[in-house]
Each structure stands twice: as structure tokens, then as C-alpha cells.
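The values are calculated or read from the model by the stated rules, or taken from the named source; none is laboratory data. The structure displayed is predicted, hence computed values, not measured ones. Cβ placement follows ideal geometry from the backbone for every residue including glycine, while neighbour counts extend to all protein chains displayed.
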Ligand SMILES: [Cu+2]
């Protein structure tokens, strides 16, 4: 299953880069000034990206095929450079890839591949494929060309990209697929938890017995486009199921460990009063089950996670979730509730490497994650299917947790202000009001609430924004009538 498109991610990345420039940190070049003019129109561009792109790609017409002096090759591709919205991209020229943005190139093992790069704009670019030591060197002028020829021996999926600083993050990357495994097949299954998938409010009921059954499953699943990873999960989703109980409830937790598992797994819920938060009673061997019971003494929004050594390894692999213990009478009603969790992934291979990635224990001890993710994959929450949706005038509540295992989140929604924040996840203290960014510790959670007054696309980030370029981004789509009294392009109407 293939999900968040590179296009979404790169457009948003570019948006952030532009926003940084607008903050006045750097002198502006003419390109940056013209980019500033496009910021106001970005919401429409984001919306337009949901459709297919057949026009306004700005690619130049070029003849396909290699120059006469080029060495012979089995497969020949021509790519030009260009812009799409505020992103930078490669665009296919000629043949089946003609006009395709960042096309997937194909070849068979043993073939000689030739890629001709034709600069479509007067900006420095190049094209590189690390695995084959193939690099074109820079092209500077519009129309300037460069050629690489290399042999592909082993099947696999490889990334081509522009190595000029910032250009890959701005969108200049694609895949070279050698052999029969398609980029889609390399995507594996999905462990993405849909942010709207959580049980509704409990209402004004009394305490009762709540029985919860969870199964630890180890699954190879999509970490990013063309990239998979061996996740550890509760019930095959990251984060695991949202659990909802109320203060005074007796909660019985059954933890199964799938027979295919290679590791022991367990569960520690921060809502538990008792040793290990339940982990001492739930170290479960593959194919077995264990049960424990606790009484919910304190209302709040709490993280749960696996607590089997190496704890940080199991957590970064995806074994975490949230449990809400409602206060008597529940939380105030809202129109929409969402469930979002942030985590880190420590891979041996650099960010953006296609194929199956492997866990790197040293990188974890050094706290150098390659990926930061919301809900189970890089840019998981940027698609129509897995994004957050609301309508103008509605109130939105986000249960936001940080699994870590190591990094504090500076949770922020670009273009919104949190009307209420339940700081530290405490719901027995009054919420604080009018907050831009909320700090959430690893193993901590919060609840933010806000009314959406203006239609458009809002971007969920950790405002430690380098992490956006490592996959940490989500989208809130708000539909409804424009509200020019609150937000509009152009000068004020007196
Ligand atoms: Cu585990």
C-alpha cells in the first residue's frame, strides 16, 4: 500500500522554508521575494495537489534520447528540472515518463542505464544515485546538460535526487526501480492509525468494569514511500488502540503476544497505580497471554507503552498508545475528537533510503533518529484518507501524546491558536487558554482544543522544524465558507 505522496510532503516542507524566510532571519533573494507572494495562495495549491497534475508544470519540450557522443546504454532517460507550486522537482521528458513529476525509472538487473539531465531553469542542480556512485555534477544555466551512465547489477529500489543543499527536501527526488519489485510492493502494509479512530465520550455513567484486549504484533510495514521497517505494534497499528475509561472504573487488561513474534512484549500504562504500571504482570512470550487489573484512581490522558528490554527499542518500534481516564461527567462536549502520537525511529540507513530499513541500537543510544513520525509513518497524516477533517465553526479536540522515546515535542498547528490546553494532560486542573505551542515530554500527553473559524489546510508540526524534513507533519483540512472578516488576501477593506 502506497500512501503519503512525496508531493504533499515536499510542498509542505517548502511552505515551512518560506515561512522561515518570512520571519526575517535571512536577506531575501528575488526568488524568495516572489515565493513570499505565493504563501497566501498556498492553501489552494495544497487543495489542488489532491488532484492529478497535467498542466502548469512548466516543463520544457526537449527531444528524448541520448546525444550522439554518449556511450551505448540499454535504458535511456531524460529528466529536466522545474518547479511545481513552491516545490522543486524533476520532470520526465519523452516516452512513458513524459511530463511526469519525479517519475519512477525502471531497469533490469545487468543493464546499463543512462540519465540525461537538462536544466530547465537558471538555478544550480544536479542528479545523484548514491548506490551506483553516479553523479552528473552541477548544471547552472537553463538548457545546460549533463549525462551519467552506470550499470545496475542487483535488483532493488534506489533513490535519485538533487544534492544541492535543500533541494532534495524541496522535492527533487524519485526512485529507480531495478527488477520486478515495484515501488508499491516495497511499500509493504500500513500500520497508520487513523486519527479519527477513537471511541466516543462515555457520557454520564457510573464506574464499571472495562475489559481491554490487546495483541502485540511485529509487522513489516511502510515507514515512508518506498521504505519499510519492522514495526512492533499493539493490534497492528501505531499508535495502538485509544482506550477510554472513567475514574473509578476497574480496568482489566489482557495482553496477547502473536505466535509469529520474535520478542517478549508487555504493557505499562501510566494510568495505573502499581509496580511497573502493569509491566510486571504482563511480560508475555510469543503465542501466550497475560491479564492484570487496575482501578483508575486519577483522571487524565496517559501514555501506555511496551516495557520489555530494551524499552527504548520497543517504544521506538511503535509499541505505544493513549488511555483516557475521564473525570466524573466526562470532558466538555466538542464536535470532533482526534488521536495523534509522535515517535522517533532509529534506522541504520539514512533518511530517505528505499527498501527495508534496519534498527540501529547505537544511533538510539546516541539519540540520533533518522525518522520522526505522527501515527506510524513519515507524513502519515497528510493524505485525504488519514488527514484530520473538520468544518468551519466546529470545535476540535486533539489528544496528543509523545512516545519518544527521547525527544520532547513542541506541538503546534500552523495557522491556529489553541483556545484551551490541558497542560501536562491534567484534566482536573482548569485548562490554560490561548496557546501557540505546547511542550509535551516523552511519556507525556496533552489535550488541545480550538474552534476552526477559517477554511483551508492547517499543518500539524513539532515546531522543532528540522523534524518536518524527517517525516513529522500532518494536515487538518477545514471546509466551509470563506471568512474574509477574519482572514483574507490583500489590503484591509475600510
Ligand atoms: Cu515490546
Meets criteria (touching a helix residue (DSSP H, G or I) at 6+ places or on another chain (Cβ under 6 Å), under 19 Å from residue 193 (Cβ atoms) and buried (at least 24 other Cβ atoms within 10 Å of the Cβ)) for residue 227: no
Flag if residue 359 is crowded, with 21+ Cβ neighbours inside 10 Å and either modelled with pLDDT of 95 or more or not assigned by TED's automatic domain parsing to the domain that holds residue 249 (or both): no
Output for the range 239-278, where each listed residue is buried (at least 23 other Cβ atoms within 10 Å of the Cβ) and free of Cβ contacts under 8 Å to residues at least 24 places away in the same chain: 272
Scan of the range 290-307 for residues that are within 15 Å of the ligand (Cβ to nearest atom) and crowded, with 22+ Cβ neighbours inside 10 Å, ordered by number: 303, 304, 305, 306
Hits in the range 138-159 (condition: crowded, with 16+ Cβ neighbours inside 10 Å, out of contact with any helix residue (DSSP H, G or I) (no Cβ under 9 Å at 6 or more places or on another chain) and in contact (Cβ under 8 Å) with a residue 60 or more places away in the chain): 147, 149
Number of positions in the range 318-341 that are crowded, with 24+ Cβ neighbours inside 10 Å and in a loop (DSSP other than H, G, I, E, B): 2
Residue count for the range 419-444, restricted to those that are assigned to a loop (DSSP other than H, G, I, E, B) and either under 20 Å from residue 374 (Cα atoms) or touching a strand residue (DSSP E or B) at 6+ places or on another chain (Cβ under 8 Å) (or both): 9
Matching option when the condition is closer than 30 Å to residue 329 by Cα, within 15 Å of the ligand (Cβ to nearest atom) and either outside any strand (DSSP E or B) or outside the structural domain of residue 229 (by TED's automatic domain parsing) (or both), among 287, 276: 276
Residue count, the range 424-455 (criterion: more than 17 Å from residue 342 (Cβ to Cβ) and in contact (Cβ under 8 Å) with a residue 12 or more places away in the chain): 16
Within the range 464-480, considering residues that are over 18 Å from residue 368 (Cβ atoms) and out of contact with any helix residue (DSSP H, G or I) (no Cβ under 9 Å at 6 or more places or on another chain), the one surrounded by the fewest Cβ atoms within 10 Å (Cβ to Cβ): 479
2 or more residues within 16 Å of the ligand (Cβ to nearest atom), over 30 Å from residue 106 (Cα atoms) and not assigned by TED's automatic domain parsing to the domain that holds residue 88: qualifying strands (runs of 3 or more DSSP E) within the range 153-270: 209-224, 227-234, 250-257
Failed item in (1) within 30 Å of residue 268 (Cα to Cα); (2) free of Cβ contacts under 8 Å to residues at least 60 places away in the same chain; (3) assigned to a strand (DSSP E or B), with residue 458 passing the rest: (1)
